[in-house]
Each structure stands twice: as C-alpha cells, then as structure tokens.
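Everything below concerns the one structure shown next.
The values are calculated or read from the model by the stated rules, or taken from the named source; none is laboratory data. Quick caveat: nothing in here was measured; it's all calculated off a predicted structure. Cβ placement follows ideal geometry from the backbone for every residue including glycine, while neighbour counts extend to all protein chains displayed. What goes into the accessible areas is simple: the full protein's heavy atoms, side chains included, and nothing from ligands, DNA or RNA. Shrake-Rupley method; radii C 1.70, N 1.55, O 1.52, S 1.80 Å.
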Amino acid sequence: MAMAARDIVALIQQAMPKAKVTVLDLSNTNYHYTVTVINPDFASLNKIEQHKAVYKALEGHIGTRLHALSITTGC
C-alpha cells in the first residue's frame, strides 16, 4: 500500500513539532516523493544529521509504503 503525502507530513510533524514540512509527489503514484523540512531545531545539526532525523521520523515506512524520497532540510 502506498503512502499519502499527508501521512508523510503527519509523521514528520509528530517527530518534529516545530518543523514546516512540504511534500511533493514526483510520480503521481504515492511512492516517490520530495520532501522539504525546515526546522529551527536543525540549527545545531549538520546536513547528514538533519537527514537522519527525517528518516527516523519515517522509520518503518521507507522501502515498504515509501519507495523513493528526496530530502531537503534547513533551519
């Protein structure tokens, strides 16, 4: 079963309440997305740590309901 963009937003915002999250379905299939996460809590983290935080928020869904994800982060 594919994952809806609103579910991605909800999972990330649950893990990062201060984050502004935007999601775009790249293929119109609900499997390939680009996500932008702007979170003031990222200020002390490098890009790798920021991306790991996003992946952790989506843990258990990558590779199953979500097949491809492009991530952009910032603070």
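A few remarks follow.
- Per DSSP, loop trypsin sites (Lys or Arg not before Pro) in the range 10-47 with at most 16 further Cβ within 10 Å: Lys18
- Computed helical MRE - 222 nm, the chain, DSSP H runs ≥ 4 contributing -39500 (n - 2.57), nearest 500: -9000 deg cm²/dmol
- Taking the empirical scaling 2.2 N^0.38 Å for compact globular proteins as reference, the chain has a Cα radius of gyration ratio of 1.01.
- Listed values for the range 10-24 are Karplus-derived 3J(HN,Hα) couplings in whole Hz (6.51 cos²θ - 1.76 cosθ + 1.60, θ = phi - 60°), namely 4, 5, 5, 5, 5, 7, 9, x, 7, 6, 9, 10, 10, 10, 10, and x replaces Gly and Pro.
- Whole-number percent relative contact order across the chain, with pairs defined as alpha carbons under 8 Å at least 6 apart: 36
- For the chain, a crude dipole built from +1 on the beta carbon of Lys and Arg and -1 on the beta carbon of Asp and Glu, taken about the Cα centre, is about 80 debye to the nearest 20.
- Computed from Cα atoms, the angle from the helix 47-57 axis to the main principal axis of the chain rounds to 50 degrees.
- Per residue accessible area in Å² of the chain, where ligands, DNA and RNA are left out and the probe is 1.4 Å: 60
- Accessible surface of the chain, 1.4 Å probe, proportion on carbon and sulfur as whole %: 56
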